[in-house]
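Taking it in order: structure first as structure tokens, then the write-up.
Nothing in this text is a laboratory measurement; each read-out follows from the coordinates by a stated rule. What you see is a predicted model; the values in this text were computed from it and never measured. Here the Cβ is made from the backbone with ideal geometry for all residues, glycine too, and neighbour counts use every protein chain on show.
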Ligand code: FNR
């Protein structure tokens, strides 16, 4: 059975290395996963005063999550934490109170950085938010990617065999995780 995966990129940069990583992940993913980006760049800053009148961009975000069987977060680390744009998107999707879009949704977390710890602390911050939002995260394998532009190409090609095998295994495990969660907690 095909599963729809909505993916969120934590960077708004047009040159984002995490966007490149997203293409590499999609290229090696099992055929029964279908990917759609869930954009976060046009969201206004979250304000609870708007909980009774969600802006169109925030409603579109919640609709896109509702239409997804699973979510994949591909994010940089900013100042050892979550990029503000991604946190803002999570805040919108988690509200209004009682309408948390992440409840029981299978989710994966991965990220690329130029630094040696490969977004480990940013991912830890993100995992804390997703735990509170009751998303069903894949906790292993973890994936902390130190980005090398000669290995990870915008075309989705991964030129290093070990790196490609690692991403392939990560996506196979993600598919299995999604299957397991959806068996117990079907969407829709
Ligand atoms: C960074 N960068 C960074 N890298 C890291 O490993 N740990 C960090 O805490 C930070 N902090 C940080 C803050 C801010 C505001 C910026 C702009 C950058 C560097 C970061 O890894 C690099 O810019 C990546 O290219 C960001 O990913 P995208 O935007 O290319 O996907």
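Just to be sure before I move on: is residue 9 away from the ligand (no atom under 16 Å from the Cβ) and either surrounded by fewer than 20 Cβ atoms within 10 Å (Cβ to Cβ) or closer than 14 Å to residue 90 by Cα (or both) in the structure I sent?
On the way: away from the ligand (no atom under 16 Å from the Cβ): no; either surrounded by fewer than 20 Cβ atoms within 10 Å (Cβ to Cβ) or closer than 14 Å to residue 90 by Cα (or both): yes.
Answer is no for this residue.
Can you name every residue in the stretch 77-106 that is in contact with a helix residue (DSSP H, G or I) (Cβ under 6 Å, 6 or more places away or on another chain) and without any contact (Cβ under 8 Å) to a residue 60 or more places away in the chain?
Once the filter is applied, which keeps residues that are in contact with a helix residue (DSSP H, G or I) (Cβ under 6 Å, 6 or more places away or on another chain) and without any contact (Cβ under 8 Å) to a residue 60 or more places away in the chain, the stretch 77-106 yields 77, 80, 81, 90, 92, 93, 100, 101.
For the stretch 41-63, check the following and say yes or no: at least one residue is over 17 Å from residue 137 (Cα atoms), touching a strand residue (DSSP E or B) at 6+ places or on another chain (Cβ under 6 Å) and surrounded by 18 or more Cβ atoms within 10 Å (Cβ to Cβ). I'd like the intermediate steps shown before the answer.
Just the residues of the stretch 41-63 that are over 17 Å from residue 137 (Cα atoms), to begin with: 41-63.
From the residues that got through so far, the ones that are touching a strand residue (DSSP E or B) at 6+ places or on another chain (Cβ under 6 Å) too are none.
No, there is no match, as no residue in the stretch 41-63 is over 17 Å from residue 137 (Cα atoms), touching a strand residue (DSSP E or B) at 6+ places or on another chain (Cβ under 6 Å) and surrounded by 18 or more Cβ atoms within 10 Å (Cβ to Cβ).
Can you run down the residue pairs with Cβ atoms below 7 Å, 6 or more apart or on separate chains, where the first is in the stretch 140-164 and within 15 Å of residue 16 (Cβ to Cβ) and the partner is part of a loop (DSSP other than H, G, I, E, B)?
Short answer, once both residue conditions are applied: 145/118; 147/114; 153/159.
For the stretch 77-92, which residues satisfy the criterion of being crowded, with 17+ Cβ neighbours inside 10 Å, within 11 Å of the ligand (Cβ to nearest atom) and more than 14 Å from the chain's Cα centre (by Cα)?
Across the stretch 77-92, the qualifying residue is only 78.
Checking the condition more than 16 Å from the ligand (Cβ to nearest atom), touching a residue at least 40 places away in the same chain (Cβ under 8 Å) and in contact with a helix residue (DSSP H, G or I) (Cβ under 7 Å, 6 or more places away or on another chain), which residue from 74, 65 passes?
Details: 74 fails: more than 16 Å from the ligand (Cβ to nearest atom).
Only one candidate qualifies: 65.
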